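Worksheet: one structure, shown below.
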Ligand code: SF4
């Protein structure tokens, strides 16, 4: 069996039915009543290996909270919207977003290995009528200011190696394009995705590649995940990590310190700690800026300079991510 067949087969083992997961996790009927059944617009999708990391008989688990829909998703406070980061207004082509100078984001696919309940792109009207990128590639070729393409989605590693090869070959032919950045969460759910064929594709690509992982809790990291990521690192590809600050998941000093230590021990640099993007149904995850600053201050006092991420917020219409500095805390509190 090819390695691609193996990870496709693993993907089919994902939990997509709440009743099956609730039984697996031995949840009581009272706990089951707090789960949200009717999110057909953004259904549960949870890889088996992540489900196996959830502590049973409780809803108070950082992995469960991130991936299992709960009734709090029905709460829609003011300031929470369908498109909190202004993706729609930056849509230059059906699958190309252009917000910031020098780089643009390619929506390589709508598919992910898992569905994160706080995902700011969960309402995005992905283009589904065409799987080719001709319009987007033409737009990138026509704009010589674009030096970097962020391969996102969805998750770009949801594409098959054949599709990825075809896309990478097209991007390699654009002379002003210097860097490709993969934004992915796939390896923490299905590390087998980093297979021989993908490694071959990455190792022969002529432009600089950068990997940015999305990991929020130290329990998402294990030897299999690190082994897979190390295969990428051994190609000389920088591997960074961005996290989202989430209530009940990673909003305490011990968890964030453990996460950053696990990352830097593996040579993965913590890059951003994002404040929550206020997408509808995610209010129960929100942590304040002040608390975010306290956590970053703690990390800076306990880690080497490279070991603490920057606290960041995406504000629609701004020319880049807004970095929240500790010395701005006083003004935040006024
Ligand atoms: S993997 Fe990324 S794009 Fe996919 S649901 Fe999670 S946060 Fe959203």
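Just a few scattered comments:
- Computed from the C-beta positions of residue 301 and residue 230, the FRET efficiency with R₀ = 30 Å rounds to 0.55.
- Approximating the spin labels as points 7 Å out from Cα along Cα→Cβ, the residue 130-to-residue 55 distance works out to 5.1 nm.
- Across the chain, the mean sequence separation of Cα contacts (distance under 8 Å, 6 or more residues apart), normalised by length, yields a relative contact order of 17 percent.
- Three-way shape call for the chain based on the alpha-carbon gyration tensor, with the a/c threshold at 1.5: rounded
- Among 265, 250, 216: highest mean-square fluctuation, GNM of the chain, C-alpha pairs under 10 Å: 265
- Here the gap between residue 143 and residue 110, fully extended at 0.36 nm per residue and compared with their Cα-Cα distance, gives a gain of 9.4 nm.
- Note on residue 169 and residue 222: their simple-model spin labels are 3.7 nm apart, each label 7 Å out from Cα toward Cβ.
- Full-extension gain in nm, residue 200 to residue 89, via 0.36 nm per residue minus C-alpha separation: 36.3 nm
- Structure-based [θ]222 nm, the chain - -39500 (n - 2.57) summed over DSSP H runs of at least 4, per residue, nearest 500: -8500 deg cm²/dmol
- Between the alpha-carbon centres of region 120-147 and region 216-275 there is a gap of 29 Å.
- Anisotropy class of region 1-104 from Cα gyration tensor, a/c 1.5 cut: oblate
- Sites residue 33 and residue 176 - FRET efficiency at Förster radius 41 Å, r taken between beta-carbons, to 0.05: 0.15
- Protection proxy ranking of 155-167, 299-311 - average other beta-carbon atoms within 10 Å, highest first: 155-167, 299-311
- Two-site FRET efficiency, residue 82 against residue 323, from Cβ-Cβ distance with R₀ of 30 Å, rounded to 0.05: 0.70
- Rough spin-label spacing in nm, given labels placed 7 Å along Cα→Cβ, for residue 20 and residue 75: 3.1
- Mean-position separation - Cα centroids, region 25-47 and region 169-204, in angstrom: 33
- A full extension of the chain between residue 269 and residue 162 corresponds to an added length of 35.6 nm, given 0.36 nm per residue minus the alpha carbon distance.
- Choice from 181, 193, 12 with maximal GNM fluctuation in the chain (Cα, 10 Å cutoff): 12
- DSSP finds beta bridges in the chain, and of those with both partners inside it, around 25 percent are antiparallel.
- Segments 255-264, 40-49 sorted - mean Cβ within 10 Å per residue, highest first: 255-264, 40-49
Laboratory data are not the source of any read-out in this text; all were calculated from the coordinates shown. Just so you know, these numbers come straight off a predicted model, no measurement behind them. Don't worry about glycine lacking a Cβ; one is built from the backbone with ideal geometry, like all the others, and counts go over all protein chains shown.
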